[in-house]
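Have a look at the structure below before the remarks.
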There are 2 protein chains.
Amino acid sequence: MIGQDIIDQFRALLDARGIVTGADDIAPWLTDWRGRFHGQAAAILQPDSTEQVAAIVTLAARLGVPLVPQGGNTSMVGGATPPPDGSALILSLRRMNRIRSISASDNLAVCEAGVILSTLHDAAAEIGRRFPLSLGAKGSATIGGLVSTNAGGTQVLRHGTMRALVEGIEAVLPDGGIFEGLDALKKDNRGYDIKQLLIGAEGTLGIITAASLRLVPAIAARAVGWAGVRSPADALALLRHAEARLGDSVEGFEVIADDGLGHVLSHIPGTRCPIETRTPWHVLIEVDHDSGRQPGPGERLESALAEALDQGIALDAAIAVNEAQAEAFWRIRESLSEAERAQGPALQYDISVPVARMPAFMTDTAAAAERAFPGTTASSFGHLGDGNVHFHVRAPKGTADGPAWIAAQGAAINAFVHDAVVAAGGSISAEHGIGQMKRAELGRLASPARLHALRAIKAAFDPQGIMNPDKLIPRPGEG
Amino acid sequence: MIGQDIIDQFRALLDARGIVTGADDIAPWLTDWRGRFHGQAAAILQPDSTEQVAAIVTLAARLGVPLVPQGGNTSMVGGATPPPDGSALILSLRRMNRIRSISASDNLAVCEAGVILSTLHDAAAEIGRRFPLSLGAKGSATIGGLVSTNAGGTQVLRHGTMRALVEGIEAVLPDGGIFEGLDALKKDNRGYDIKQLLIGAEGTLGIITAASLRLVPAIAARAVGWAGVRSPADALALLRHAEARLGDSVEGFEVIADDGLGHVLSHIPGTRCPIETRTPWHVLIEVDHDSGRQPGPGERLESALAEALDQGIALDAAIAVNEAQAEAFWRIRESLSEAERAQGPALQYDISVPVARMPAFMTDTAAAAERAFPGTTASSFGHLGDGNVHFHVRAPKGTADGPAWIAAQGAAINAFVHDAVVAAGGSISAEHGIGQMKRAELGRLASPARLHALRAIKAAFDPQGIMNPDKLIPRPGEG
């Protein structure tokens, strides 16, 4: 545990609200929100400005004290949880929560790291714009964390991940120097794109203190539809058909296995199947228009789905007749994980493969997993257009002790699924990052060239290893 | 000069066509295409496969022999010219010119580094798709060079620079390891994005051997218009108006000063002003539709321009009535540099500033330059929507000896313009990169944090400094 003398040196850099040392105040931030990772820290540093962050990092570098940056603490991979030996301090960016500027004519918002995602959504809506990235944790997740993890969500098909929305970054590098890159330049070829390196670095190369973010027009009209299809391959054919007919106004395209839908209908009150036929696979599709363009999205989606039915790509289809029904369609998609938890213990994977290979991956890997681990059932859902599968392996029916099942089978099933991902040319982390949870698996599966590059960059930026220690970069023994 | 014994060791790795040592055969590749930079090299290595590139780099690393990668040799900044002391070998990627795969359903082409841009254009057109990046050198420039310099062009407003079109990269890193990153994953959060680091690295971190590139639908219909406006500020207002009315179907938006137009009309035979009024500034605008969507682009552009005239944003406007006229409008834009050369010597800058600051930059910096360097005239044109200005300072009227004027005044004018760019939060290289030409200026003007990061990354990847030596990274004395 870091001693009092060191804490006092950091205290001297900050105002009264700038440091938290009470055990009860620190406790909630020592564990990730799913309760899987636990750490210790003698203090939370809460700077109020970029200059204070720079002063903290400079001192940390001088003393060799590791820092664990934290925003909303919504990591899915233990990325914001400090090490268990208390050797690091938490650096919270939550007080840096100003929207420095927001402009409709420039389609740009400059946000400090601690701005909560839903706050930015509201600010953009007030000026007739939209920040087109959203996810379940939007009421807690902060801009700094979202940029540091290159967050995704349900709108990636049209607008890309966070990487595509970040136009500039301000960050404090591990030597305390401030990287001033907030100017939103659409063309800038002054060498290596440092901004791109910091996006998705999970705080291991420096502390992001602010970002310039791209806004898009507010949605003028939307249409949400549901289609039943025979297979993931037909779902992909439907996506290509929709893209050809509707262009990039296709904003959501989610594929759902019928068993997943069944769990939702069984466990989530008030849900019903949007179409009359129960088909093996389902597709949720959303079409958005930014303008009052005619014909509207409903009419265009209807004619695209009618063609798909005619051509036999879809077996059945429905379009939400009003906003309430549109939300009911989306609620099914958003309840899939909750419904599955009610069904019993499961291992869940956030993985991606090239879009063209996704249909085969979904069916073949599920079947192979069920064969390899008798009694389990495997299925998947997710963002088909992004190649992003949420792949789940459920414990055999009647498994009462989920943790014991995971302890016994987890490592083998993890390895099985991840090996299948690598064989398909995919990624063992589509959206959530590596953090602590997938660090060893990254070490096991990354190519030597990739591992070498990751370690070389880390060593170049952070030779002392004080930036979010033990996250992302595999340890020497790990690959 | 590198000796025969070393040449022979490289020769042993390659087939007969894999190495060129005749002085006459080498000569054309020792000078950049504008004849500004001159180098020496004892051989050109011409591998035919990624494995041969890896073997070459492995040997180069062992022997400490620097390599200068070269594609079409169309660099604007001396980025592909070897050092004058003959201490390096040229590594040409031109024989690696296969399109490994191209797919309309995946909207993806996997191209080797030596594929010429116009070859890819043709291949995409054959399958009803388009690769939406083009530039003057498209008949020579290669994919490897375009990726390595994050090339731009006239379609960036809608489709982004090369960075936005690269979905995967294969490269040989400076230790000879092959980075296999061709799988096009739309979501991949396995740590630092190595691909992003190699894009725009100008061959200083490794040799790009292939890239997976995004295709878009072919253009179904286009409309090209011309508008006369009062000022760059009104040109920006017209852009915002066009974006609001026409969404992202605005593919080109070029702003041109009236004096530049005047030079074209004087020096380029067969050109005429598209509108009747001579206004202080001009805008060329292109609207493209991917589908047969109605109303078509011509009708939509016409109504948007009519509104702009009504609102006083535009002073006059015209729409090309046929494809020949559309090409005549574009010919004016594309002849600006040639016309200016006919007018007399000029210094030309490839710079960018945030879009919102571009109007003030264009007028204020031109006036300030003319005051600071009496007799000169300054003006600009370029891609307004990208914040990319082509800023020119012309020698005083009657200057006969251009090179002498540049020798006397060039350094001072360069510094003046670049200082103004930095003051406006801009970049001294929008499209062309740094190469040899802007290396010292980058050193003078980059912030310490950026310089430190650039040098740290270079040292981490290429500790021996064998990858495109003396390009991009400022020397120790330079900043």
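Within the bounds of the range A:33-48, is there any residue that is touching a Leu at 6+ places or on another chain (Cβ under 8 Å), surrounded by fewer than 14 Cβ atoms within 10 Å (Cβ to Cβ) and not in a helix (DSSP H, G or I)? Yes, the range A:33-48 has at least one match.
Only one entry in A:Leu173, A:Leu182, A:Leu108, A:Leu120 is of a type outside the set (S, T, N, Q), within 19 Å of the chain's Cα centre (by Cα) and outside the structural domain of A:Asp32 (by TED's automatic domain parsing), namely A:Leu120. If the condition is being under 26 Å from B:Met437 (Cα atoms) and either buried (at least 16 other Cβ atoms within 10 Å of the Cβ) or among the basic types (Lys, Arg) (or both), then the range B:1-30 contributes B:Ile2, B:Ile26, B:Trp29, B:Leu30.
Could you say whether any residue in the range B:372-390 is more than 14 Å from chain A (Cβ to nearest Cβ), part of a helix (DSSP H, G or I) and either on the phi < 0 side of the Ramachandran plot or within 18 Å of the chain's Cα centre (by Cα) (or both)? Yes: the range B:372-390 contains one or more residues that are more than 14 Å from chain A (Cβ to nearest Cβ), part of a helix (DSSP H, G or I) and either on the phi < 0 side of the Ramachandran plot or within 18 Å of the chain's Cα centre (by Cα) (or both).
Are any of the residues in the range B:129-151 among the basic types (Lys, Arg), under 21 Å from the mean Cα position of the chain (by Cα) and either assigned to a loop (DSSP other than H, G, I, E, B) or away from every other protein chain (no Cβ under 13 Å) (or both)? Yes, the range B:129-151 contains at least one residue that is among the basic types (Lys, Arg), under 21 Å from the mean Cα position of the chain (by Cα) and either assigned to a loop (DSSP other than H, G, I, E, B) or away from every other protein chain (no Cβ under 13 Å) (or both).
Just wondering, is there one or more residues in the range A:244-251 that are within 14 Å of another protein chain (Cβ to nearest Cβ) and among the basic types (Lys, Arg)? There is at least one residue in the range A:244-251 that is within 14 Å of another protein chain (Cβ to nearest Cβ) and among the basic types (Lys, Arg). For the subset of the range B:49-60 comprising residues that are in a helix (DSSP H, G or I) and out of contact with any strand residue (DSSP E or B) (no Cβ under 7 Å at 6 or more places or on another chain), which member is surrounded by the most Cβ atoms within 10 Å (Cβ to Cβ)? Once the filter is applied, the top-ranked residue is B:Gln52. Cβ separations smaller than 7 Å between residues 6+ apart or across chains give the following pairs from the range B:1-25 residues that are at negative phi to residues that are among the aromatic types (Phe, Trp, Tyr) and modelled with pLDDT of 95 or more: B:Ile19/B:Phe10. Could you say whether any residue in the range B:403-418 is without any contact (Cβ under 8 Å) to a residue 40 or more places away in the chain and not in a helix (DSSP H, G or I)? Looking for residues that are without any contact (Cβ under 8 Å) to a residue 40 or more places away in the chain and not in a helix (DSSP H, G or I), one finds none in the range B:403-418, hence no. Check off (1) modelled with pLDDT under 95; (2) over 30 Å from B:His418 (Cβ atoms) for A:Lys187 and give me the number that stays unchecked. Unmet condition: (2).
Residues of the range A:284-306 include at least one that is hydrophobic (A, V, I, L, M, F, W, C) and more than 24 Å from A:Asp386 (Cβ to Cβ). Please verify whether the range A:197-207 includes one or more residues that are buried (at least 23 other Cβ atoms within 10 Å of the Cβ) and under 26 Å from B:Arg240 (Cα atoms). Within the range A:197-207 (the criterion being buried (at least 23 other Cβ atoms within 10 Å of the Cβ) and under 26 Å from B:Arg240 (Cα atoms)), the answer is no, since none of the residues qualifies. Return yes when B:Gly247 is over 23 Å from B:Arg341 (Cβ atoms) and without any contact (Cβ under 8 Å) to a residue 12 or more places away in the chain and no when it is not. Answer is yes for this residue. Note on the range A:432-472: residues that are part of a loop (DSSP other than H, G, I, E, B), more than 22 Å from the chain's Cα centre (by Cα) and at the interface with chain B (Cβ under 7 Å from one of its Cβ atoms) total 1. Restricted to the range A:338-351, and to residues there that are farther than 16 Å from A:Asn414 by Cβ and crowded, with 16+ Cβ neighbours inside 10 Å, the residue that is nearest to the other protein chains (Cβ to nearest Cβ) is A:Glu340. Comparison of B:Val287, B:Val255 shows that the only residue that is surrounded by 15 or more Cβ atoms within 10 Å (Cβ to Cβ) and either assigned by TED's automatic domain parsing to the domain that holds B:Ser380 or out of contact with any Lys or Arg (no Cβ under 8 Å at 6 or more places or on another chain) (or both) is B:Val255. As for the range B:260-276, it holds at least one residue that is buried (at least 16 other Cβ atoms within 10 Å of the Cβ), modelled with pLDDT under 95, closer than 15 Å to B:Gly228 by Cα and not aliphatic (A, V, I, L, M). Residues in the range B:176-187 that are within 7 Å of another protein chain (Cβ to nearest Cβ) and either among the acidic types (Asp, Glu) or in a loop (DSSP other than H, G, I, E, B) (or both): B:Gly177, B:Glu180, B:Asp183, B:Ala184, B:Leu185, B:Lys186, B:Lys187.
The single residue among A:Arg98, A:Arg163, A:Arg190 that is touching a strand residue (DSSP E or B) at 6+ places or on another chain (Cβ under 6 Å), at the interface with another protein chain (Cβ under 9 Å from one of its Cβ atoms) and within 29 Å of B:Ala424 (Cβ to Cβ) turns out to be A:Arg190. Here is the figure for the range A:201-221: residues that are over 16 Å from A:Glu167 (Cβ atoms) and at pLDDT 95 or above total 7.
Note on the range B:193-203: residues that are at the interface with chain A (Cβ under 8 Å from one of its Cβ atoms) and either more than 24 Å from the chain's Cα centre (by Cα) or assigned to a loop (DSSP other than H, G, I, E, B) (or both) total 5. Any chance the range B:361-370 includes a residue that's surrounded by fewer than 21 Cβ atoms within 10 Å (Cβ to Cβ), among the polar types (S, T, N, Q), out of contact with any Ser or Thr (no Cβ under 9 Å at 6 or more places or on another chain) and not in a strand (DSSP E or B)? No - not one qualifying residue is present in the range B:361-370. Using the structure shown, decide if A:Arg230 is farther than 24 Å from B:Gly128 by Cα, surrounded by fewer than 16 Cβ atoms within 10 Å (Cβ to Cβ), of a type outside the set (Gly, Ala, Ser) and within 14 Å of chain B (Cβ to nearest Cβ). No.
The values are calculated or read from the model by the stated rules, or taken from the named source; none is laboratory data. Since the structure is predicted, the reported quantities are computational estimates derived from the model, not experimental observations. Because the Cβ atoms are built from the backbone with ideal geometry, glycine has one as well, and the counts that use them run over all protein chains shown.
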